[in-house]
Structures are given as C-alpha cells and as structure tokens.
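Student: The structure's right below; bear with me while I get my questions together.
The values are calculated or read from the model by the stated rules, or taken from the named source; none is laboratory data. The model shown is predicted, which means the values in this text are computed figures rather than measured ones. Glycine also receives a Cβ, built like all others from the backbone with ideal geometry; neighbour counts cover every protein chain displayed. Protein only, heavy atoms only, side chains kept; ligands, DNA and RNA dropped before computing areas. Shrake-Rupley method; radii C 1.70, N 1.55, O 1.52, S 1.80 Å.
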Amino acid sequence: MKIGVFTVLMSDQPLEQVLDFLAENGVEAIELGTGNYPGNAHCNPDQLLESDKARKDLLKAVEKRGLIISALSCHGNPIHPNKQIAQEHHDTHRKTVLLAEKLGLDTVIGFSGCPGDSPTAKRPNWVTCPWPPDYLETLEWQWKRKVIPYWKQEAKFAREHGVRLAFEMHPGFVVYNPETLLRLRKACGDNIGSNFDPSHLWWQGMDPVLAIRTLKDCIFHFHAKDCRIDPANTSINGVLDTKNYVDPEAPMANEAKRSWIFRTIGYGHDAAVWRDIISELQLAGYDHVLSIEHEDSLMSAREGLLKAVNFLKPMLITEKLGAAWWA
C-alpha cells in the first residue's frame, strides 16, 4: 500500500508547490478533486480535456516527483431534485470519467447522491427510519425512479471508458453503509464499489473492520480519516447530530457539544485499531492507496497531514511475504 493525500486540503497553494511538499514528506500518491463539493483547484477537467499538453504536463509533474495519481474525485449529488444542481454535478461527473480515461486512471470517486421525495421536490430527502409508512414509500420511489436508473446509466458510461465508480458511504445520501452500497452494486454493475472512509462509519456506530470484511473486493479506494466519538454527548443525544461542525463566531464551541467530530487519524482511534483496519484491507486484497483526507477542525491542515503521514508510515507492510530476513 501507499500513503496518499487528497490535495483539496491544500487548494490555496499551486499544485507544483503541493507536489514538492508532499514528496519531501514521504507521500507517494495524490487524489485530485475535479469539481462539485471538492472544487477543482488542482485539476480542472475543462482545461485538461481540451489540451493534450496540459494532461502531459500534469502527469509529468506528478511522475518526476515519484508520485502517482490514485483517483479523481467529484463528490456531488447528480440526482439532486434541483435540476440545475443535478445537471451541474452530472456534467462534472461525466467530464471526470472522460478525464480519468485520458490520464490512464481507472477510479472516479463520488457520492451516490440523494433525490427528493417526489418529482416536484426541491431539496434532498434522506430517509432514516421505516415508520410512519410515508418514509418507506419515499425510499421505494427514490431507488426505483431515480437512484437505480441514473446509476445504471452512469455505470455503463464509466465501463465504456474503463472506469470504476467508487462511492463514499456517507449519511445524507442513499448509499451510507455496506448494505446500501451492495444494493446499488447489485442493481447497476460490478464497476460500482466503495471509496472506504471509516470516519463516516464510526459515527453511525459501525465497525470498519467488519465492514471491510463484508465488502471485500468491492473496495476500490480508501480515505484515511478518523472520527472522535464523544461518549457523554452521544449518551445523551445519540449519533444523529445536526449542529454545524464549526461555529465561526465561537471557535471550538460546537466541537465541544457535538456527539462526534472528524479528527486526524490517531486522534479518534488508536494505533491498534488502525493496524486492524490495514490488516483487514490486506485480507480483502486491497493493495492501493491510503489517501489522507484532512477535516480536523482542531488542527491545521499542515500539522494534521504530517501527523497522519507519520502515524501511518510504520504500519505499512513494505516487504513481500517470503523475503529473506537478511536481505
């Protein structure tokens, strides 16, 4: 496995400067955002699709520093009930698939999205319980009329261009756990899989190791991000928490009240937990990139990134099985 970084956390810096910094600090791979929620500061698909030279320059800049591109990411909601938002996110998704093909990449990361509750809806409607019966009726309509038809079409398009779609299982979207991911994969094709981010599973009360064991070869990419569960706040209010991650008028105020917050890896779960995750990934046959995603509001992006790299490095297995001990 390789240590990678989702470069969105350094969007305020030029790509060449980002690449130098990452290579100097032991990073081996980068994940690039192409638009929608992550933005496209380092990878504008419109520009790169138009210019063969621009694509060659990008690949050269990455390769000469000994790095690889692990995936392109366009997290969005292309089945949003607002047609303008849906169309913009769809267009970015399509361009990202085409760009991945031209760059020789096989993985595009995104969200499954979430529709509304009817053709006239204006906002997404994420169903979290089966009763009253309206909710199950909404859920059935979403999957049959919106989710499966759209992603069956997009899985076909991606397959035609040699690309796999890796969904993050994230609350607020129809794919938020292994069960819903496997449901979408079964309905739309085996080039649909997971960008496995354990932080989203911990705050729902799941065990990432067992989730990896369930998904096995459905894991196409991995985000290294942690989550700290506050036992007191969770015991009082549970894990469904709608307080904003950060209160701009009172820094740290919301973090102290929330049931959970995202943390740099090692600050939510200890080394033993992360070793188990990496070992389970090995058992599942995953041998790609652990892409660090920084969303820790208690730590600067630079410090959080460096701590994550130094935390992960000793855990990676670098020798092949059967290597002589004296070699």
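Student: Can residue 301 be described as touching a residue at least 12 places away in the same chain (Cβ under 8 Å) and touching a Leu at 6+ places or on another chain (Cβ under 6 Å)? First the steps, then the outcome.
Tutor: Values: touching a residue at least 12 places away in the same chain (Cβ under 8 Å): yes; touching a Leu at 6+ places or on another chain (Cβ under 6 Å): yes.
Judged against the criteria, residue 301 is a match.
Student: Further, regarding this structure: Just to be sure I understand, how many residues within the stretch 266-296 are touching a strand residue (DSSP E or B) at 6+ places or on another chain (Cβ under 7 Å), open to solvent by less than 60 Å² (accessible area, probe 1.4 Å) and acidic (Asp, Glu)?
Tutor: The number of residues fulfilling the criteria is 2.
Student: Which of the residues that make up the stretch 148-163 are surrounded by fewer than 20 Cβ atoms within 10 Å (Cβ to Cβ) and hydrophobic (A, V, I, L, M, F, W, C)?
Tutor: Quick first cut of the stretch 148-163, residues surrounded by fewer than 20 Cβ atoms within 10 Å (Cβ to Cβ) only: 148-150, 152-153, 156-157, 159-162.
148, 157 - these are the residues of the stretch 148-163 that are surrounded by fewer than 20 Cβ atoms within 10 Å (Cβ to Cβ) and hydrophobic (A, V, I, L, M, F, W, C).
Student: Right, here's the next one. Filtering the stretch 237-265 down to residues that are of a type in the set (S, T, N, Q), in contact with a helix residue (DSSP H, G or I) (Cβ under 8 Å, 6 or more places away or on another chain) and open to solvent by less than 30 Å² (accessible area, probe 1.4 Å), which residue is farthest from residue 298 (Cα to Cα)?
Tutor: 259
Student: For the stretch 54-98, give me each residue that is open to solvent by 50 Å² or more (accessible area, probe 1.4 Å) and not in a helix (DSSP H, G or I).
Tutor: 64, 66, 68, 82
Student: Looking at (1) in contact (Cβ under 8 Å) with a residue 12 or more places away in the chain; (2) closer than 23 Å to residue 167 by Cα; (3) small (Gly, Ala, Ser); (4) not in a strand (DSSP E or B), find the lone condition where residue 291 falls short.
Tutor: Answer for residue 291: the failing condition is (4).
Student: Same structure again: From 145, 123, which residue is part of a loop (DSSP other than H, G, I, E, B), open to solvent by 50 Å² or more (accessible area, probe 1.4 Å) and in contact with a Pro (Cβ under 9 Å, 6 or more places away or on another chain)?
Tutor: Values: 145 fails: part of a loop (DSSP other than H, G, I, E, B).
On inspection, the qualifying residue turns out to be 123.
Student: If you scan the stretch 30-47, which residues turn out to be crowded, with 22+ Cβ neighbours inside 10 Å and not in a loop (DSSP other than H, G, I, E, B)?
Tutor: 30, 31, 32, 33, 45
Student: Moving on to the next point. When the stretch 210-228 is examined, which residues are found to be buried (at least 18 other Cβ atoms within 10 Å of the Cβ) and either among the aliphatic types (A, V, I, L, M) or closer than 23 Å to residue 311 by Cβ (or both)?
Tutor: Of the residues in the stretch 210-228, the ones buried (at least 18 other Cβ atoms within 10 Å of the Cβ) are 211-212, 215, 218-228.
Result: 211, 212, 215, 219, 221, 222, 223, 224, 225, 226, 227, 228.
Student: Under 7 Å by Cβ, and 6 or more places apart or on different chains, what pairs join a residue from the stretch 305-316 that is closer than 13 Å to residue 9 by Cβ with one that is open to solvent by less than 50 Å² (accessible area, probe 1.4 Å) and assigned to a helix (DSSP H, G or I)?
Tutor: Final answer for the pair search is 305/9.
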